[in-house]
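A quick write-up on the structure given underneath.
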Amino acid sequence: MVIQKLQGIDHGATYEPTSRILLTDTNEVVYLFAAYCLNFHGSNPEGSTQFSVSGTANSDIIKILNAISNLSPTVANIAAVQTAIWTVTDNINLSQLSNTFPSGVSEVSNAKTILITAGVETSNKILFT
């Protein structure tokens, strides 16, 4: 997983926007993050999955995460961003995408726009050939 940003404190059906994590006592606080999967072939995390910080994503992923804030939400939607990330990390093809993440298929054009905006080379990506 790669975290794009902290969204806020999760209150179940709603969340309270915040830009920082502040733990002032021993009470449990649930934070909501905008995050994406880095490994196309990995399984989905469960509710009980625990994560730890393990470093920085590669430079192309960072470029994608930085670029999406400059794009319309209709272009940089979740499916398009995820498709763009997997195009970089796993060089997926359309068949793989349609079998695993059907909603990404309709977002291939937006994923390419994201990559171009991010300055990531697209001519060597199987999904666009």
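Listed values, structure above:
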quantity	calculated
Residue list for the range 1-40, restricted to those being in contact with an Asp or Glu (Cβ under 7 Å, 6 or more places away or on another chain) and assigned to a loop (DSSP other than H, G, I, E, B)	V30, F40
Residues of the range 58-77 satisfying the condition of being in a helix (DSSP H, G or I) and touching a residue at least 24 places away in the same chain (Cβ under 8 Å)	D60, I61, K63, I64, L65, N66, A67, I68, N70
Pairs, first touching a residue at least 60 places away in the same chain (Cβ under 8 Å) and under 14 Å from F101 (Cα atoms) in the range 34-45, second outside any strand (DSSP E or B) and of a type in the set (D, E), C-beta under 6 Å, six or more apart	F40/D90
Failed item in (1) closer than 14 Å to K125 by Cβ; (2) without any contact (Cβ under 8 Å) to a residue 40 or more places away in the chain, with I92 passing the rest	(2)
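Yes/no matrix, rows are residues, columns are (1) more than 15 Å from Y36 (Cα to Cα); (2) crowded, with 20+ Cβ neighbours inside 10 Å:
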{"position": "L71", "(1), (2)": "yes, no"}
{"position": "I78", "(1), (2)": "no, no"}
{"position": "T87", "(1), (2)": "no, yes"}
{"position": "N99", "(1), (2)": "yes, no"}
{"position": "V108", "(1), (2)": "yes, no"}
{"position": "K125", "(1), (2)": "yes, no"}
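The numbers here are math on the coordinates, done by the rules we state, and not lab data. On a predicted model such as this, the values are computed, not experimentally measured, just so you know. Ideal geometry is used to build each Cβ from the backbone, glycine not excepted, and the neighbour counts take in all protein chains shown.
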